[in-house]
Structure formats: C-alpha cells, structure tokens
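Here is the structure we will look at, set down as structure tokens.
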Amino acid sequence: MRLTAEQNDRAAGVLLATAAGDALGAGYEFTYPRPETPIGMIGGGLGPFAPGEWTDDTSMALAIAEVSATGADIGSRDGLDAVAAQFARWFASRPKDIGNQTRAVLSAAQPDAASMTERARALAGRKGGNGSLMRTAPVGIGFLDDAERCVAAARDVSLLTHDDPQAVEACMLWSFAIRHAVLHGTFDGVATGLVLLPADAAGRWSTLLEEARTAPDPRVFDNNGWVVHALQTAWWAVCHAEETGPAHLPQALELAVRAGHDTDTTAAIAGGLLGARWGASAVPADWQRILHGWPGYRAQDLVRLGLCTAWASVDDDRRRDADADYSRFLVAG
Ligand SMILES: [Mg+2]
C-alpha cells in the first residue's frame, strides 16, 4: 500500500500538530486565559520553556515514534521493550516537566516493558491521569494497515505507565481516530472507533463525547488532568472551532488552550487528531519555524518520524531514507 499525497501530508501532521498544541499551551499551563488574552507560543509555564519549545507530552510521543519509525512493531514484546527504553532515556535527560504517575513509574522501574507495566499496576490511588493519552498519537500512525493491532498497541503502550481502564480506553479510541483521520481525512473515527472498545465502555464514551460536543462551556469538564476530562476538552475544542478548512487546526488548538488548566496537554491531545485530519500543511509557518524540543529536534524531525512511522506501517519502500528532504512537507517560507 502506498499513501496518497494527501495521506502523506496528514501523517506528517500528526506529531507536528501534537507539538504545536503542546508548545502553544505550555505558557498557560494551570491557568485560565481571559478572553482578551492573546494566545501564542510565548514560552514560560512550568519549565520554564522557551517560545516554541514542546514539553513532556511531545517528548514522550517522540520516544514512541523513535521506535515505530524504525519499522518495529510497538505492540510486540520487543517493541514495547524498545519504547520503555526510550522512556527511560528521556527520563534520564532530566526533563523540565513530568507527570506524577509517569515519574512514579519511571523513577522506580527498570528500562523494560515488564518492569514498567508491573510498576504502573502496583501504584496505589487514582491512576487515571492524562499522561498516556497525551503521547498516544504515534500509535495511530504505527498501524495504518490494521485497526485492531493499532488499538491493542495503544492499550499496551498506555499500560507502561497508566494502568487505568479509562486511560487505556481513551488511548485506544484516540489512536483509532487519528489512524482513521490520516487514512480518510475525517473526524468520524472518534465515533466509529467506539465499537473496538470493551463492550461496557462504548456506551459510556459515546455519552462523554456527546457531552463534549454539545457543551457550551468547557468548564463542565475542567478537571482535565484526569484523562476523561482531557479527552472531552480536546474533543470540545475540535467540535467548537467554526472554521471548516485547514484554519480549523490553529483555531481549535487555541480553543483547547483557552479552555484552561492542563493547557499544553489538552492542546497536544487535540493536535494529534487535528494534524491527522488537516495535515502538516495546516500548521502555521510561524509555528513550524520555532518549534523545538527534546532531543534537540525541530519541525522537520517531527515530520520525518511521523512519515517513517506511517510508511513502515504500510510497507512503503520510501521509509527510513536518511537523506530524504522532509522539509518539503513543511510550509514554505
Ligand atoms: Mg506538558
């Protein structure tokens, strides 16, 4: 299977728009921007981060993509071990910001999947943080040839740090929706993916999605450090941006940030799906130019990892070409 030019643009957009949302929200984390406050890639926040710098959300997504872009099956035991090793590598870099659950697991586990999964399972208390959903976007492009393996891998990658039914379900549904958007150019996968969830979960998530779609105000679900409200906030932003073309992407990311609280994460989550729907070409050039972050990457690297992941999943022989000019997928200028 060979992806069309439009599908390549959309695959290239998944990590790029994840990072764009993340870097846009980074300067507003744990605040509620006032309506008159302009939203931009101002930096600051908890890092503090530089303008255009992405945070842990994107860095952990890239840790997954570093593995999937080689053609490895991140749903296999070896693939999960490689992802776990990348998480450990990122953690060893002493990141500026890290979620509580992720820190609890990575600070105590060996750098392999079995150790992390067991550590995540053994954590006490509430375990439904948004930290696995925020990094699930690359799983959506890692299995363009197989929806069921995509969803199964989303579950297993979540379980490395987030052993919670709703965190797992959210990762399954969002990864499926991102995969669907790259292939078909619509947001329909958010609804059609419900059938791949455990039977008791589909009806519950259908209600939650409808609540987000129809809510006039995102304060209804503003505990968005919790995975359920994080997904609802992201979906609210996607549904309430009024633009109907590529400008829908930056508009929806701004809405996710304006919804407040865990702004970098809700916008990163929204960004994964928006990039999958509208493509790298919809990410504004002035954002592309300043995006950067761990491990010393820029926008072109996000495009490379996204495309190599997507191409490996469909056995396209263009994959893993170190000399390829990935900047041609970015906006000129
Ligand atoms: Mg963050």
For segment 28-39, take each phi angle, set θ = phi - 60°, evaluate the Karplus expression 6.51 cos²θ - 1.76 cosθ + 1.60, and give the result in whole Hz per residue in order, putting x for glycine and proline.
-> 10, 4, 6, 10, 10, x, 6, x, 7, 6, x, 10
Per the Cα gyration tensor, the chain corresponds to an equivalent ellipsoid with semi-axes, largest first in Å, of 24, 23, 21
Alpha-carbon centroid distance for the pair segment 6-33 / segment 265-301, whole angstrom = 5 Å
Total charge of the residues flanking Leu159 in space, meaning their Cβ is under 14 Å from its Cβ, with Lys and Arg +1 and Asp and Glu -1, is -1
Rounded Å value of the spacing that divides the Cα centres of segment 128-204 and segment 207-235 | 17 Å
Label-point separation (nm) for Thr37 and Asp315, each offset 7 Å from Cα along Cα-to-Cβ?
-> 5.1 nm
Least to most buried among Tyr326, Tyr32, by other C-beta atoms within 10 Å and fewest first, runs Tyr32, Tyr326
Grab the Cα-Cα distance for Asp200 and Glu243, subtract it from 0.36 nm times how many residues apart they are, and report the gain in nm with one decimal.
-> 12.0 nm
With a ≥ b ≥ c from the Cα gyration tensor eigenvalues, square-rooted, and the rule rounded for a/c under 1.5, otherwise prolate when a/b > b/c and oblate otherwise, segment 143-257 is oblate
Pop a pseudo-label 7 angstrom from the Cα along the beta-carbon direction at both Asp188 and Arg94 and give the gap in nm to one decimal.
-> 5.1 nm
May I ask you to derive the FRET efficiency for Arg77 and Phe30 from their Cβ-Cβ distance with R0 = 30 Å, giving the value to the nearest 0.05?
-> 0.20
Remind me, relative contact order of segment 5-329 in percent, using alpha carbon pairs under 8 angstrom and six or more residues apart?
-> 31 percent
Exposed loop GluC sites (Glu not before Pro) only (DSSP loop, at most 15 other Cβ atoms within 10 Å): please give the longest stretch of the chain free of them, not including the sites.
-> 37-241
Loop-located trypsin sites (Lys or Arg not before Pro) in segment 1-96, at most 13 other Cβ atoms within 10 Å (DSSP) = Arg2
Of Pro250, Leu196, Leu231, which is farthest along the charge dipole of segment 156-253 in the positive direction, counting Lys and Arg as +1 and Asp and Glu as -1 at C-beta?
-> Pro250
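FYI, it's all coordinate maths here, none of it is from the lab. Given the structure is predicted, the values throughout are model-derived calculations rather than measurements. Glycine also receives a Cβ, built like all others from the backbone with ideal geometry; neighbour counts cover every protein chain displayed.
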